[in-house]
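Here is the structure we will look at, set down as structure tokens.
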Amino acid sequence: MFDSRQYDWSDITVVLGGKDLTGIRGIKYTEKQEKEVIYGKGALPMSIQKGNRSIEGEITLLQSELEVLILNSPTRSILDLQVNAVVNYGNPTSGDVPITDIIQGIQFTEEPKEMKQGDKFMEVTLPFIALRKKNMVA
């Protein structure tokens, strides 16, 4: 039997550098690979050649979570921190099949902070690059 239940935000757990992020507001990551169509004689392609792979993304956190990450950095800069992230999708107590992505070697490329009049809290989006992504299904 096929279960078409979609995971929602409450079904996601993100552990970054060993810390369960309770102040996470969003996560996005993409694995890319360079590809190029190769042409020879005629107008149709002969093959597709593959190049380097890369992983990039962003984590959106509440400002208090960012401050904890900064405190755990040896130089007190998020830009010098390298961490792994474990992203779990699914709630086994609801009968979901857990899906886990492990993103290794995350390094943040920016440390933006912004507030404007009327804001009730600071939300920070940290862009990152990473070394690898592994997918696991229970």
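What follows draws every value from the coordinates through simple rules; no lab data is involved. Here the structure is a predicted model, which is why all the values come from computation and not from measurement. Using ideal geometry, Cβ is built from the backbone for each residue, glycine included, and neighbour counts are taken over all protein chains shown.
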Inset, instruction - Among residues belonging to the range 89-111 that are assigned to a strand (DSSP E or B) and of a type in the set (Val, Ile, Thr), point out the one that is surrounded by the most Cβ atoms within 10 Å (Cβ to Cβ). - result: Ile103
Inset, instruction - Return a yes/no flag: does the range 31-47 have any residue that is at negative phi and in contact (Cβ under 8 Å) with a residue 60 or more places away in the chain. - result: yes
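May I ask you to list the residues in the range 120-138 that are β-branched (Val, Ile, Thr) and touching a helix residue (DSSP H, G or I) at 6+ places or on another chain (Cβ under 8 Å)?
In the first step, residues of the range 120-138 are kept if they are β-branched (Val, Ile, Thr); the result is 124-125, 129, 137.
Val124, the sole residue that qualifies.
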Inset, instruction - Starting from the range 109-129, keep only residues that are of a type in the set (D, E, K, R), then list their pairs with residues that are in a loop (DSSP other than H, G, I, E, B) whose Cβ atoms are within a distance under 9 Å, requiring at least 6 positions of separation or different chains. - result: Glu111/Ser77; Lys113/Met122; Glu114/Met122; Glu123/Glu114
Inset, instruction - Could you look through the range 69-86, keep only residues that are assigned to a loop (DSSP other than H, G, I, E, B) and in contact (Cβ under 8 Å) with a residue 12 or more places away in the chain, and pick out the one that is farthest from the chain's Cα centre (by Cα)? - result: Ser77
Inset, instruction - Consider Glu114 carefully, then state whether it is surrounded by fewer than 16 Cβ atoms within 10 Å (Cβ to Cβ) and either within 20 Å of the chain's Cα centre (by Cα) or under 14 Å from Phe128 (Cβ atoms) (or both). - result: no
Legend entry - Enumeration of residues in the range 35-49 that are exposed (fewer than 10 other Cβ atoms within 10 Å of the Cβ) and charged (D, E, K, R): Lys35, Lys41
